[in-house]
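Have a look at the structure below before the remarks.
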Amino acid sequence: SDRAQSEDSSGEQGSEREALNRQTVERLFEALVAGDVALFHSQFLEDSVIEFPQSRERIVGGENRRALYRAFPGRPHVRRIVTSGLLAIAEASVDYGDGVDWRGVFIYELRDGKIARATIYWAKPFEAAETRKAWVERMDE
């Protein structure tokens, strides 16, 4: 497609850039599962920003990110990763060992194959509203 053949400012073909961005996000989650803090941080640009809109938190820069993420309390199970252009979106469930079934949507904006910005939304699964139950199928993972 025309979009896949578009070039970014570094001259990489769009499909190559998307593959690199996907690899970056895959490595990030591999690092989280393995507890590999160094590999985790190497996926980010030094001036990266991580935002948690629901709790109104913003982590700016590598120094703050490294201080906050010295260890990982949770282990993710990635459901899927979708990339397009300079964006990668991941859906995952995360086990924090607290018995809560956490679900996250991770929106990554990448630059030069590294994460420049991450916006992360968290939720717990809930029962469908009675008013919708007649028209929906239950999703079981």
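The values are calculated or read from the model by the stated rules, or taken from the named source; none is laboratory data. Bear in mind the structure is a predicted one, so any value in this text is a computation, not a measurement. Cβ sites come from the backbone with ideal geometry, for glycine too, and all protein chains shown count toward neighbours. Remember, those area values only see protein heavy atoms, side chains included, never the ligands or the DNA or RNA. Shrake-Rupley method; radii C 1.70, N 1.55, O 1.52, S 1.80 Å.
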Considering only the range 117-141, how many residues are out of contact with any strand residue (DSSP E or B) (no Cβ under 7 Å at 6 or more places or on another chain) and among the aliphatic types (A, V, I, L, M)?
5
Somewhere in the range 128-140, is a residue hydroxyl-bearing (S, T, Y) and in contact (Cβ under 8 Å) with a residue 40 or more places away in the chain?
no
Quick check, is R111 more than 25 Å from D140 (Cα to Cα), under 16 Å from the mean Cα position of the chain (by Cα) and at pLDDT 95 or above?
yes
Might you check whether a residue that is at negative phi, under 12 Å from the mean Cα position of the chain (by Cα) and open to solvent by 30 Å² or more (accessible area, probe 1.4 Å) occurs anywhere in the range 120-136?
yes
